[in-house]
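Any read-out appearing in this document is the output of simple, stated calculations on the displayed coordinates, not a laboratory observation. Keep in mind it's a predicted model, so treat the numbers as computed, not measured. Backbone-built Cβ (ideal geometry, glycine too); neighbour counts: all protein chains shown.
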Amino acid sequence: MQPFGPMVGFYKIIADDARINTTHISLYMALVHHWSLNKGKNPITISRNNIMKTAKISARHTYNKCINELREYGYIKYVPSSNSLSGSIVYLNSL
């Protein structure tokens, strides 16, 4: 596991991606943090509340918008859970 691998690749790519804003960056860093806690292995299981707290995002709408945009832009693979007791699945894509 390269502890900074996902961050280095992410920052290199976003330098030229005008779609990415500070909330996307904060959310991605929160995902990297949880990936790191998972010993650098994909996928990670996440709780929206935990990720929002880590990323300092207070509005559910903002979280949903940003995580879906990160998926749409190809930074992550996101599999939302329809069950409130099980977390959503996220894969950090190789950048």
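Side notes on the structure shown:
- Taken over the stretch 70-88, residues that are under 10 Å from the mean Cα position of the chain (by Cα) and either in a strand (DSSP E or B) or under 12 Å from T23 (Cα atoms) (or both) amount to 4.
- In summary, T23 fulfils each of the numbered conditions (1) touching a Ser or Thr at 6+ places or on another chain (Cβ under 7 Å); (2) surrounded by fewer than 17 Cβ atoms within 10 Å (Cβ to Cβ); (3) closer than 11 Å to L70 by Cβ with the single exception of condition (2).
- When the stretch 39-56 is filtered for residues that are among the polar types (S, T, N, Q) and exposed (fewer than 14 other Cβ atoms within 10 Å of the Cβ), the ones remaining, listed by number, are T45, N49, N50.
- Residue within the stretch 30-52 that is in contact with a Cys (Cβ under 9 Å, 6 or more places away or on another chain), on the phi < 0 side of the Ramachandran plot and part of a helix (DSSP H, G or I) present: no
- Matching option when the condition is touching a Lys or Arg at 6+ places or on another chain (Cβ under 7 Å) and small (G, A, S), among S94, S26, S86: S26
- Listed by first and then second residue, the pairs linking a residue in the stretch 49-71 that is under 13 Å from I25 (Cβ atoms) and touching a residue at least 24 places away in the same chain (Cβ under 8 Å) to a residue that is assigned to a helix (DSSP H, G or I) and aromatic (F, W, Y), with Cβ atoms under 7 Å apart and 6 or more places separating them unless they lie on different chains, are I57/Y63; L70/Y28.
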